[in-house]
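In what follows, a single structure is set out as structure tokens and then discussed.
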2 protein chains.
Amino acid sequence: MERAENSFAYCNLLAAPAPQPEERFAGYPRYNFVGGHNDPARIPIEQLATAATSVLNREGQSLAMYNLGRGSLGYPGLREFVAKKLNKRMQGVLSADDILITSGSSQGLDLVNRLFVSPGDTVLIEEFSYQGAFNKARSLGAKIVGIPLDREGIRIDRLEEILRDLSARGVTPKYIYTIPTVQNPTGTVLSLERRVRLIELSKQFGVPIFEDECYTDLVWNLNPPPTLYGLAPSQVVHIGSFSKSLAPALRIGYAVAGWEILGRLLSMKSDGGTGALDQMIVAEFLTKHFDDHMATMTGSLQRKLEVLTEAVAREFGTTVEIWHPEGGIFAWLQFPDHIDVRTFAAEALAAGVAFNAGPDWSWSTEHGQNFMRLCFALPDEHTIDEGVAELARVCFERTGMPVHGSNQRRQQTAGRKQK
Amino acid sequence: MERAENSFAYCNLLAAPAPQPEERFAGYPRYNFVGGHNDPARIPIEQLATAATSVLNREGQSLAMYNLGRGSLGYPGLREFVAKKLNKRMQGVLSADDILITSGSSQGLDLVNRLFVSPGDTVLIEEFSYQGAFNKARSLGAKIVGIPLDREGIRIDRLEEILRDLSARGVTPKYIYTIPTVQNPTGTVLSLERRVRLIELSKQFGVPIFEDECYTDLVWNLNPPPTLYGLAPSQVVHIGSFSKSLAPALRIGYAVAGWEILGRLLSMKSDGGTGALDQMIVAEFLTKHFDDHMATMTGSLQRKLEVLTEAVAREFGTTVEIWHPEGGIFAWLQFPDHIDVRTFAAEALAAGVAFNAGPDWSWSTEHGQNFMRLCFALPDEHTIDEGVAELARVCFERTGMPVHGSNQRRQQTAGRKQK
């Protein structure tokens, strides 16, 4: 038989609407300020190898059974660690059996959306938020309403107006999705006072809170307010992750909720369990090294943020204002109102600079056009510095701004490049 | 704030139809003949630990990036290994870029079903097959038609009739799902001749083949026929797994198809990638030890199958016929036509014996009631022996069969239990 063409003859039989095939991966740009990547230099390689050997020697035989023979909530050692970690901000309400390990918080987002959202439903999401949160709700046919934010997170007054308006029209949103601790992309931490008011509104209007805490272990201030789940377990579905604080190629997240919800998420989690080696090795590592690791991570991230902040100040002067994040791996840059960062996104990419344009991280594609998210964990300090200079050069060429300072530097950069 | 009750206040907001919460895990029975578990004694613990250290030292830094910075098809080292392994039975048609790593073949099954099946569609599945294959298709609203099997796999003549009948009614099934090599649960291997005829029918009626090869590395005869994908790439979507041949707690499967399909499966795989440590360690281990490991596994499985066969012969005499499997981890037991194995399933479980009743592994709940699947990889040889004796005792008490031999032994077993 001759070697057949690698195509498929029956695409006419796909269920409608079928997605388009994904583009083949073409590598990353030189100045990669997008994606939740982390710092390659901060992967604790030796400690992970030691953890692997240790946990395999102790419990390796259990790999022979689905879910390590311990049920589909996930590896008990990991759930116990997560419960202990969360209880510090949840007043001890949790046990390991309240936790479902998910394949990243992505899977948690998928499952919770599928459990709550039918086509035509309304969901409330912070006006700027994780692109995946918008996309996953939208793909299920949800109508999204953006909740206005300020420098302290959700504007409770505006949320109350929205809930009141919807209620007057007979609409009960399926959830209020929030990233209260190091909000993505604005980097804010919601105060305890606002958390308490948010919970009151949730109760008053009968709308659950969907709390995403995937950056919470990377906060600069080590004593952030209690989680919303800890304050009101019966009103909240909580998800979290170690993707950002350890490594995103590991797919280890978790969901926390009463069994009426958690047991249903478990029913819907049809993947035969989350990868056991990821779970076991991460649990073994974190149980021994969590505090040290997070201190190293946040120290390194703060230094990179300083480099980014200085580069932005130097290259953009007063043209750009950084919303200084209270933790995490990204900064939210505010340009003058009349600038639409999308106008120079393609040129920036051609010059090797990738950034997230505000509208992609917004509830509406016509919202946030003068904002940009820059992720700073992956590039080293020198690359951050060069990348911001390159970004300013492209921005100036397209928009005529920044006019002060950066212009001269831009020419210097061009000069260096010609050598 | 006082400690809140761990319940959820807003279950009224769930999307309809919401699944029921899963039951809490309550442990496994003593004689556990269900589930695709493997032999704890055959987990290559030391080699996995060595593999972990080696691959982490070499490539650990890449964990800092989503998908190890190499795109979402999966870890290149694993895809290269899978391509090399598959090419032995695919005439060299594959490259690593034709392979998508999935979180177990479960995820492959989910994705392929979602890509093809809309409510009301018809799919063809072997009359006895993996329960998950039926359930996943059914949950999407598919009508399932069972393809009759004999001791050599799919009955091609009957398949042709079914396709002709459906065609006459204007129905094009979305796929023909088959496990051609060590069929689950019958244990047969489809001959090359039948494979060729199956492909001809697929082409004639315009119905793609959905080939599941998750037991193929555990076949007794080391030279099984070529895969259907290898024979006709444009007509087949192929999935496979290392769950059965290495460890089911690892979630490492793969899908193979032309890019029109593979690129769409990739678009739908919304989990941020399959766990990287599982992928990296499995690749490192298999690249070095695949042949030796599979030889050890199949040797051990064949010994356990002998113990099971002898125990069944001793305890059930001529009452039960085993369809001797050509590989894998389960045997298909055929009881006399008038016996419905479901009538003693609950009593067996109460006595610590779990088995899969035929109707649960069948396209219709009223089909296969005189069959039973016994998985033999997990229990040790002594446990297999005791479990079969216990099963015969319960069967006799309920059905009056087996009357020869086992009756006396059953009483002896009961006597031992009273000591």
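Pairs of lysines in region A:45-289 whose Cα atoms sit within less than 27 Å of one another amount to 21, provided the residues are eight or more positions apart or on different chains. Under conditions of 25 °C and 0.890 mPa s, region B:45-289 yields 133 µm² s⁻¹ as its translational diffusion coefficient, taking Rh as the Kirkwood radius over Cα pairs in the Stokes-Einstein equation. Annotation for region A:96-190: trypsin sites (Lys or Arg not before Pro) lying in DSSP loop with at most 11 further Cβ atoms inside 10 Å of their Cβ are A:Arg151, A:Arg169. With a Förster radius of 22 Å applied to the C-beta separation of B:Ser270 and A:Ala16, the computed FRET efficiency comes to 0.70.
Legend: translational diffusion of the protein assembly as shown by Stokes-Einstein, Rh = Kirkwood radius over C-alpha pairs, 4 °C, 1.567 mPa s; D = 45 µm²/s. The fewest-to-most ranking of B:Ile322, B:Ile154 by surrounding Cβ atoms within 10 Å reads B:Ile322, B:Ile154.
Across identical copies of the chain, A:Ala15 has label-point separations of 1.2 nm, listed in ascending order, with the point defined 7 angstrom from Cα along Cα→Cβ.
Which distance in Å, rounded to a whole number, links the C-alpha centroids of region B:109-141 and region B:289-322? Here the answer is 31 Å between Cα centres. Taking every DSSP beta bridge that has both residues in the protein assembly as shown, what percent is antiparallel when rounded to the nearest 5? Given both bridge residues lie in the protein assembly as shown, the antiparallel proportion sits at roughly 60 percent. When the Gaussian network model of chain B links Cα atoms closer than 10 Å, the mean-square fluctuations of B:Met65, B:Met401, B:Met294 top out at B:Met65. Across peptide A:107-113, the mean count of Cβ atoms from other chains lying within 10 Å of each residue's own Cβ comes to 1. Take every DSSP beta bridge with both residues inside chain A and express the antiparallel ones as a percent of the total, to the nearest 5. The answer is about 60 percent antiparallel. Neighbouring Cβ atoms from other chains, within 10 Å of the Cβ of residues in A:225-237, number 3 on average. When the Cα gyration tensor is reduced to axis lengths a ≥ b ≥ c, the ratio a/c stays below 1.5 for chain B, which is therefore classed as rounded.
Label point of A:Arg169 (7 Å along Cα→beta-carbon): distances to the other copies' equivalent points are 4.5 nm, sorted ascending.
Among the trypsin sites (Lys or Arg not before Pro) in region B:1-95, which ones are in a DSSP loop with at most 14 other Cβ atoms within 10 Å of the Cβ? Mind listing them? Don't skip to the answer; put the middle values down first.
Values: sites: B:Arg3, B:Arg24, B:Arg30, B:Arg42, B:Arg58, B:Arg70, B:Arg79, B:Lys84, B:Lys85, B:Lys88, B:Arg89; in loops: B:Arg3, B:Arg24, B:Arg30, B:Arg70, B:Lys88, B:Arg89.
Those that pass, being in a loop and sparsely packed, are B:Arg3, B:Arg24, B:Arg30, B:Lys88.
Sorted shortest first, the separations between the B:Ser54 label point and its copies elsewhere in the assembly read 2.4 nm; each point sits 7 Å from Cα along the Cα-to-Cβ line.
For region A:57-137, the Stokes-Einstein estimate of translational diffusion at 10 °C and a viscosity of 1.306 mPa s comes to 104 µm²/s, using the Kirkwood hydrodynamic radius over alpha-carbon pairs.
When A:Phe205, A:Phe355 are arranged by Cβ crowding within 10 Å, least crowded first, meaning fewest neighbours, the order is A:Phe205, A:Phe355. Between A:Met280, A:Met268, A:Met297, the GNM of chain A built on Cα springs shorter than 10 angstrom shows A:Met268 fluctuating the most. Measuring between their Cα centroids, region B:194-214 and region A:373-402 lie 54 Å from each other. How large is log10 I(q)/I(0) at q = 0.11, 0.20 Å⁻¹ when the Debye formula is applied to the Cα atoms of region B:131-218, each weighted equally and without solvent? Reported log10 I(q)/I(0), two decimals: -0.30, -1.01. Considering only A:Ala389, A:Ala41, A:Ala26, the Gaussian network model of chain A with Cα springs below 10 Å gives its largest mean-square fluctuation to A:Ala26. Taking a point 7 Å from the Cα of A:Gln131 along the Cα-to-Cβ direction, the residues of region A:30-68 with backbone N closer than 13 Å to it are A:33-37.
Take the alpha-carbon positions of region B:12-170, form their convex hull, and give its projected area averaged over all directions (one quarter of the hull surface) in nm². Orientation-averaged projected area of the Cα hull: 16.3 nm². Note on B:Gln91/A:Thr318: beta-carbon distance plugged into 1/(1 + (r/R0)^6) with R0 of 45 Å gives a FRET efficiency of 0.10.
Working from Cα pairs under 8 Å separated by at least six residues, relative contact order for chain A is 21 percent.
When you restrict to C-alpha pairs under 8 Å that are six or more residues apart and normalise by the size of region A:45-289, the relative contact order lands at 28 percent. Per-residue ellipticity at 222 nm from helix content only, as computed over the protein assembly as shown with -39500 (n - 2.57) for each DSSP H run of at least four residues, stands at -13000 deg cm²/dmol. For A:Cys11, A:Cys214, the sequence from fewest to most other C-beta atoms within 10 Å is A:Cys11, A:Cys214.
Just so you know, all these numbers are worked out from the coordinates, no wet-lab data involved. None of these values were measured; they are calculated from a predicted model. With ideal geometry, Cβ positions are generated from the backbone for all residues, glycine too; neighbour counts draw on all protein chains shown.
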